[in-house]
Amino acid sequence: MTNTETATVGGGCFWCVEAAFKELDGVESVTSGYAGGHADDPTYREVCSGNTGHAEVVQVEYDPDALSYEDILEIFFTVHDPTQLNRQGPDVGGQYRSIVLYHDDEQRDVVERYVEALDEEGGYDDDVVTEVERLGTFYRAEEKHQDYFEKNPADAYCTMHAQPKVEKVRERFREKVKA
């Protein structure tokens, strides 16, 4: 049994972020869900209303011998725009915010340093607005949202938004992509 670690991130629609991470060698599983809000066991419809405070997020279970937490962050910050406040592309609302939900103090320290370095390097025209907070409860999204891109590759939203993220991972992180 592989010793795994878990990272929880949100950068817009979870279908897109999930599809990007599923490309990587060392990723054992990716689960779409909701976190960072105040309602118990919210549904997709409730989260989309913007009234629960949750973000669409993914939990990435990975092998730390194949990928580091820093690798996870680098990929995450490559596949979404961390300068867009409460939106990603056509998706608008707090449920699509850029967020990293850390699981322990070590992850918190790493992500805080990472975001600080992104701002200092000035690689973006605007400030990084990614929220960094401790993970409370992660709620698994409904089954129809799991592996959505894999199940619906011809879906117009997927071809316009998920496919480019998958291609970016395949190109930019070629050495980390599953064979």
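Overview of results
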| quantity | calculated |
| --- | --- |
| Filtered chymotrypsin sites (Phe, Trp or Tyr not before Pro), region 83-160: DSSP coil and at most 15 other beta carbons within 10 Å | 124 |
| Equivalent ellipsoid semi-axes - Cα gyration tensor, region 60-143, angstrom | 20, 19, 12 |
| Percent RCO, i.e. relative contact order, over region 1-150, from Cα pairs under 8 Å lying at least 6 residues apart | 33 |
| Alpha-carbon centroids, region 1-57 and region 138-179: separation in whole Å | 13 |
| The chain, accessible surface, carbon-and-sulfur percent (1.4 angstrom probe) | 43 |
| Sparse-neighbour loop sites [trypsin sites (Lys or Arg not before Pro); region 126-179; at most 15 other C-beta within 10 Å; DSSP] | 178 |
| Reachable lysines, given that their alpha-carbon falls under 27 Å from the alpha-carbon of residue 144 and they are not under 8 places away in the same chain | 22, 165, 168, 178 |
| Accessible solvent surface per residue of the chain, calculated while the other protein chains remain in place, 1.4 angstrom probe, Å² | 50 |
| Long-range amide H partners of residue 83 with built H, under 5 Å | 129 |
| Förster radius 30 Å - calculated FRET efficiency between residue 109 and residue 137, Cβ distance, rounded to 0.05 | 0.85 |
| Virtual paramagnetic centre 7 Å along Cα→Cβ of residue 40, amide N under 15 Å, in region 130-145 | 137-139 |
| Sparse-neighbour loop sites [trypsin sites (Lys or Arg not before Pro); region 67-123; at most 14 other C-beta within 10 Å; DSSP] | none |
| Reciprocal mean inverse distance between Cα atoms of the chain - Kirkwood radius, Å | 16.2 |
| Contour excess over end-to-end distance, with Cα ends at residue 168 and residue 119 and 0.36 nm allotted per residue | 15.4 nm |
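The values are calculated or read from the model by the stated rules, or taken from the named source; none is laboratory data. These figures come from a predicted structure and were not determined experimentally. Note that each Cβ is placed from the backbone with ideal geometry, even for glycine, and that neighbours are counted across all protein chains shown. Ligands, DNA and RNA are excluded from the accessible area calculation, which covers all protein heavy atoms including side chains. Shrake-Rupley method; radii C 1.70, N 1.55, O 1.52, S 1.80 Å.
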